[in-house]
1. Could you say which residue among 206, 212 is touching a His at 6+ places or on another chain (Cβ under 9 Å) and among the hydroxyl-bearing types (Ser, Thr, Tyr)?
2. Here are the criteria: (1) over 36 Å from the mean Cα position of the chain (by Cα); (2) open to solvent by 60 Å² or more (accessible area, probe 1.4 Å). Tell me which single one residue 836 does not satisfy.
3. In the stretch 758-790, which residue that is buried (at least 18 other Cβ atoms within 10 Å of the Cβ) and polar (S, T, N, Q) is farthest from the chain's Cα centre (by Cα)?
4. Before we move on, is residue 341 more than 30 Å from residue 72 (Cβ to Cβ), hydrophobic (A, V, I, L, M, F, W, C) and either open to solvent by less than 60 Å² (accessible area, probe 1.4 Å) or in contact with a Phe, Trp or Tyr (Cβ under 7 Å, 6 or more places away or on another chain) (or both)?
5. Would you pick out the residues in the stretch 153-164 that are closer than 13 Å to residue 247 by Cβ and either under 55 Å from the mean Cα position of the chain (by Cα) or modelled with pLDDT under 80 (or both)?
6. Only one of 74, 160 is crowded, with 19+ Cβ neighbours inside 10 Å and in contact (Cβ under 8 Å) with a residue 24 or more places away in the chain. Can you tell me which?
7. Looking at the stretch 444-473 only, could you name the residues that are under 20 Å from residue 432 (Cβ atoms), among the hydrophobic types (A, V, I, L, M, F, W, C) and either outside any helix (DSSP H, G or I) or open to solvent by less than 20 Å² (accessible area, probe 1.4 Å) (or both)?
8. Say whether the condition of being surrounded by fewer than 22 Cβ atoms within 10 Å (Cβ to Cβ) and hydroxyl-bearing (Ser, Thr, Tyr) is met by at least one residue in the stretch 245-267.
Amino acid sequence: MLTTADAFRMRRKMERLSMTSLANIKQARMRQRRDRRVVNTFWDIMWFCCCLLLVIGISNEHHNTTEGFYQTQSMTNTFVQSMDGVNDPLTLWSWLYETALGNFYPETSYKGDKPLWQDKSFTADMQSVLVYPPSLIQGRVQTGLCTVPVTMQHSFDECSSAYDEHTKETGAFEKGWKRVRNTSAMESEAPGWIHLPSAYPSLPIYGVTTQYWGDGFGLHLGKSSDEMRSILAELKAHRWIDKRTKVIFLEAVLYNGNLDLFTSVTMMFEFSETAGVFSRHHVHTFRLHQRPGTIGYIYVLLEIVYVIILLYTLWKERKTACAAGLAYLMEPWNIVEIFNFILAFTIIVLYGFKRMYSSKALMAVKKGKDQVHHFRSAVNISLVYGWFLAFLTFLNMMKLLRLLRFNPFLSKLMSVFRGMAGEFCSFILHFFLWLSAFGVYAYLMFGLTVTEYSTISKSYSTLFQMSLGHFYYYQLKEAAPILGPIYFFAFISLIFLVLMNIAMAIINRALPDVRNHVMPEEDWYFVQGLWERFTAFFGLWKVPATDEHSMDSLHDRLTELEIEVQKLWLKRLLLFNLKMKDTDLPAEPEFVPTVKDIPDAAAVEHHERAASPNNCTDNGSQAIGSENKAPEVVASRSPPKVEGTQENHQTNQVVKIKSIIFKLENSDKKSTERVRFALNVLVRHTEERKVEWPSVKMSARNKVALTYLQMLTDDHIQAAQMLLRRQYPALQGLEGPAVGLCDDGFVKMTGKGLQIHHNNHQHWVLSSYTDGKVCLYDSLSVPMTPSLQIQLYQSYAAFVDQTRNTLTVFLPDVQHQKNVLDCGLFAIAWAVDIAEGHDVSRVVYDNRKMRSHLKTCFKQGNLTPFPRLTGFRKKEGRTKVQRITLVCHCEQGERLGRMQRCEACGRIFHVSCLPVSPPRDGTWVCGDCAV
């Protein structure tokens, strides 16, 4: 037979064992989830790095960056020589006769003698050969598109317009530029000059003044030096270049067999309306076919593997998108992933076109038919394919940041960008408008004389360089001795000294977020596990032995078994001694750990006011109170219960149990003590089930304050928190606002909870602990008062950073009240939405309906989300962070007791921990500052 002391000791032992077991189980589950996340993240990173290396390898094979760079430089130094010396048609003919002819068909070797027969096929660099003879293409304009004024026709009888798609000349001409009406007759007699279309597909060829599409009157320059010399002489004799000539292209495609690379060389000469000649060249090195040999087959295999991986990734992403629905598009990285798939499949299509046009170009070279158009198409497709491939590599490199977002340094860096995103976007718009104004003015004012402002694009580029410190002062001074310096110093003063310093100030303001960035506890735990895995892989950290884990698991199971045995013993005791039914038994004994009981704030407040009336501060800044009684919580209106219902049966059981205890007190004291524990559990369990949803009965004064635009009193706040406790029993906190102003203070929270505070300055605010963060929601964004800081520390002391002895409080940007009276309404509205799991920073409440809605909720005894306007609120500011510092390191139990704020250092301390008596002037100073 167990005695009372034995039963008590067993109960305490089982409580300790059960709490230890549950803590071990919780820790084991956290470790298991962390290990699973570590493994998944590790394999995701390894998988993505392999895919990234695959993309980089394929891109590098196409570009051949190192070899292609030197090939491009060699072609530029060999063939693009003395182009800047061409300034009129006469010097152009000289350049074609001397430089171009000598480069394409050299007549002397590097020793100065005639080249050998095996070297005659090479160009001047003696490493490359011409794929097909070089070609000349001329772009001309039509006549009669412009007229000379009558007053000037005696000195200037003919004019030509600028070159574009509408003014260019087409058709067939005889030598000497005589138009041919019958092209068949011309072909039968002698060849002339016929307009040839551009290759398809074609990219624009950008010149100095305009862009071209590569069409015009073209002809080949022959396969030898003699043939090229004769063709050039014939063209010069028949005046192939005249006043209507606007552009001349010299194109050639060369092949370097040592590198297996092709090089396209385009040299352009533009004839402007001012009789000047502007030259420009384009050199592009590429590979038409796959690299020969084993290395070529390896790259083909890599391309096939990439396509397979791409299809598999698309299948997985499609399953994720179908499961998430429209919410999938709300994640920015998912949009990046969609764009990545579109880009990848576009590259696959371009790869097919590249192989097709490359085969056509090589076949045309072999057959000797129309090599120019096929090679130009192959060059264009190769260029576009390389651009898309490079951008795909860039995008995949950026995706790596998502996988490394758990890194604390990257997380801090991203917090800087998030913190300054809004302000910096506004600055960019402001900066662009100022730059546009200065750029357009410079283009219109100095564009005729200063090269850096000759076009709009050059003007913007020059001003942007000046904003970074690269100045162009002397050019402006030479162009305009007065307006030039004025313009320069105005730009420097407004853009360089003011706006650029504002940009630096925005960045500097966001930098403290890096230092104050608080990494979530879950991420820290994950990084710790990742580091343990990494060090264990290299033998620098020993994983705990498996036997210890097995013993812990065995101990946990034995403890659970003991708990089940104790449950069965209690059940048997109740059944045989009291002859009760199973339905009247509690679900589990009292010693099984449950969710921490939430104290009744109303009772605590009533007890504090009755037992210690002088404990609360009474300086005129106490919570807004009413002279009447606190709101009563009465049972909801419902029909009377008839006999025989479950409620009456439970009530009768309670009466019966109490009578049994009374009868046993004199007969068998030991047996009474033995069953008293089980009976008390059943009594409390039965009485708690009698509680119904409450409705709030307000006093007349409270009704007037709620209806006629007055500030809510502590009675309203307490009533709302009582309803929240009933609706969400898992929430902690929700004590009476006056409790925080008393000596004992709020009870310390250990989990998710809410609390409405009075800041001692006629203002209500709400605090919460959710998602591992302590947040304070303020509808006026006023600074924290010392009283509010003490209340926050009382409620959330369990979440203090023990190393720094500071409590970090986040202040999200939320909707602001439009007057000074609605702070309590917003606090209650936020509390309801946070309890429902909503993000209140995005909510916009309807101010006109909030009071009537709260009044309805009090009548019904149930708080529901407050009415809101349509749409979501755009965040106007960033989340602020404030830290509350503590001096004392003592442990005060569940309630921290009276706390004060040091007037010297601003930190918070316990009054009971000071060895000195309270000051007479009312100013408290901590021990450190007193010394």
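The values are calculated or read from the model by the stated rules, or taken from the named source; none is laboratory data. Fair warning: this is a prediction, and the values are worked out from it, not measured in the lab. Here the Cβ positions follow ideal geometry from the backbone for every residue, glycine too, while neighbour counts run over all protein chains shown. These accessible areas exclude ligands, DNA and RNA; they are computed on the full protein's heavy atoms, side chains included. Shrake-Rupley method; radii C 1.70, N 1.55, O 1.52, S 1.80 Å.
1. 206
2. Status for residue 836: all satisfied but (1).
3. In this case the residue turns out to be 760.
4. yes
5. Passing the criteria: 162, 163, 164.
6. None of the other options fit; the residue is 160.
7. Result: 463, 466, 468.
8. Yes: one or more hits.
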